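The values are calculated or read from the model by the stated rules, or taken from the named source; none is laboratory data. As the structure is a prediction and not an experimental result, all values here were calculated from the model. Every residue, glycine among them, receives a Cβ derived from its backbone with ideal geometry; neighbour counts consider all protein chains shown.
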Amino acid sequence: MASGPSKQDLEMYWQSSRQYFDELAAYYKQADPEYYKTYIMPFYSNPLGSVSQSGSTGSSGASKLIVVAVIFVFIMAAGGVGVFLLLNEKSSKENDKQNEPDKKEQKLESKEKEETKTPRNDDSDEGDETSLSSDDHFLIGSKKIADKDYDKAEYHLKQVKPGTQYYEQSKQLLESIKLLRKYDK
C-alpha cells in the first residue's frame, strides 16, 4: 500500500501546484525511496506527460497542443509548397505559349521573306490576293504603314473583307493613312 498521496492527487499537484509537488518529491525521496521511484519519479522522467490512472505516462494538454500545432504547421507548409509549384508550372506553361510564334505570323513572315528574295514591282501584290486571307492582308497593311509605304498599305487594307475580324480596324487605318500622308511630307 502506498504511504503517500494517491496517483490522482500527485497528478493534480503536478498540474496545479508544482512547488508543492517538488516539496513532496524531496520529502519522499528521503523518507520513502521506494514510493518516490514508483509514483513520483515518472513525472520527472517525462516532463511533457503526467502519470495516468494506470500508472503509465500520458500526454498532458500542453504537449497535445504542441503536437497539434506542429502538425498544423507542416500541413500548411506542404500546402504552400504545393500551391507554389502549381502556380509556377502554370506560369511556365503560359510563358511557353506566349513565346511560341503564331502560325499565321510564321506564314506571313515566310511570305515576306519570299517577297524580299524575288524583286517585284508595286502591282505584283494585286495578283496575290487569292492566296492571302483578310487577316493576312490586315497584318501586311499594318506593317506597310509602319514602313511608311502607304500605297501598299492602302491596297492591303482595302482587301480586308467585311464581316471579318479586322474589318473595322482596317477602315480606321485607311482613315489614318490619309492623315499620315498629309503630315508625313
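Laid out as a table, the results:
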{"quantity": "Search result, residues across region 1-45 that are assigned to a loop (DSSP other than H, G, I, E, B) and hydroxyl-bearing (Ser, Thr, Tyr)", "calculated": "Ser3, Ser6, Ser17"}
{"quantity": "Verdict on Asp125 being crowded, with 17+ Cβ neighbours inside 10 Å, charged (D, E, K, R) and at pLDDT below 85", "calculated": "yes"}
{"quantity": "Residue identified as modelled with pLDDT of 85 or more and farther than 20 Å from Ser3 by Cβ among Gly58, Gly82, Gly49", "calculated": "Gly82"}
{"quantity": "The lone exception for Leu87 - which of (1) loosely packed, with under 11 Cβ neighbours inside 10 Å; (2) modelled with pLDDT under 85; (3) part of a helix (DSSP H, G or I) it fails", "calculated": "(2)"}
